[in-house]
1. So how much slack lies between GLU202 and THR22, counting 0.36 nm per residue of separation and subtracting their Cα-Cα distance, in nm?
2. Which order, highest average first, do 24-36, 66-78 follow once you tally other Cβ atoms within 10 Å for each residue and take the mean per peptide?
3. Within region 23-159, count lysine pairs with alpha carbon atoms under 13 angstrom apart where the residues are 8 or more positions apart or belong to different chains.
4. Over what distance in Å are the Cα centres of region 176-194 and region 12-48 separated?
5. Which residues' amide hydrogens lie under 5 Å from the amide hydrogen of SER192, considering only partners 5 or more residues apart or on another chain, with H built in the peptide plane?
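Nothing in this text is a laboratory measurement; each read-out follows from the coordinates by a stated rule. Everything numeric here is computed off the predicted structure, so don't read it as measured data. Glycine also receives a Cβ, built like all others from the backbone with ideal geometry; neighbour counts cover every protein chain displayed.
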Amino acid sequence: MEHEMTTQREKIVDHVWQMIITMGIKAVRMDDVANVMGMSKRTLYEMFGDKEELLYESIVHHREKMHRVLKERADVCDNVLEMVLICFLEIFSRWDMSEWRLMNNMKKFYPKIYERVTKTFTEQGLAGLKSILIESRKEGYLADNVDIELVTMVFFQTSGMLMREYNIMLPEGVTREDAYGCMAVNFLRGVSSLKGIKIIDEILSRDEYRYIRSQRLIDIMNGREPGSATAAAAETDENNRENINNIIKRSL
């Protein structure tokens, strides 16, 4: 009976998430949810307490599903640095206009939910990144002098700005995705030991990472067609790394 209730609860929050994305968070009505799920509104309230709790659980449940997908990808990575790079790029690639609109509408119409969601996501993200960086240090990939607590907060502040703000000034030809990919790679390089930097270079040289956003930015900055043979050959050039650092300073 308990398993059936859990399954039913998951079906409800999955359905509500689809309503949020397609109709907007303000348009979700308890009557509509109850009708579609074939239950009384009273039963729905007994399960979730109120509409705000249902909305909150639906949003958090969606994020947890995304994290499970990321974990499946991370489990097959060769090392912890590849795992964190995949997580950085995957999370941002899934953050589209609909997610941005959701967060803004949530903040406007349901500020209490917005505060809870933001707090939950931030705490989970900070804990996850700190755990990965601690593991990186154990494996010798992290520089000894890195303040894990500090760099974790700085990364989240910067990435949060890229996700929340849509009027950020960027150089011509550089997209938000380019900037985020550049920031993510440079963040990892900045906190890594020499051993870690060599691992990052090896990861980025693989074919499956040839078109990640930071490499597209390198191509743009050097006047090359993204993905060309000439661009690929220049990926690890020291001058290109300097160009990336200069761009990220100007754009963030």
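1. Details: separation 180, 0.36 × 180 = 64.80 nm, distance 4.08 nm.
Stretched out fully, the GLU202 to THR22 stretch lengthens by 60.7 nm.
2. Values: 24-36: 14.8, 66-78: 12.3.
Packing order, densest peptide first, comes out as 24-36, 66-78.
3. On the way: LYS26/LYS51; LYS26/LYS107; LYS26/LYS108; LYS41/LYS51; LYS51/LYS112; LYS107/LYS119; LYS130/LYS138.
Qualifying lysine pairs in region 23-159: 7.
4. Between the Cα centres of region 176-194 and region 12-48 lies a distance of 40 Å.
5. ALA143
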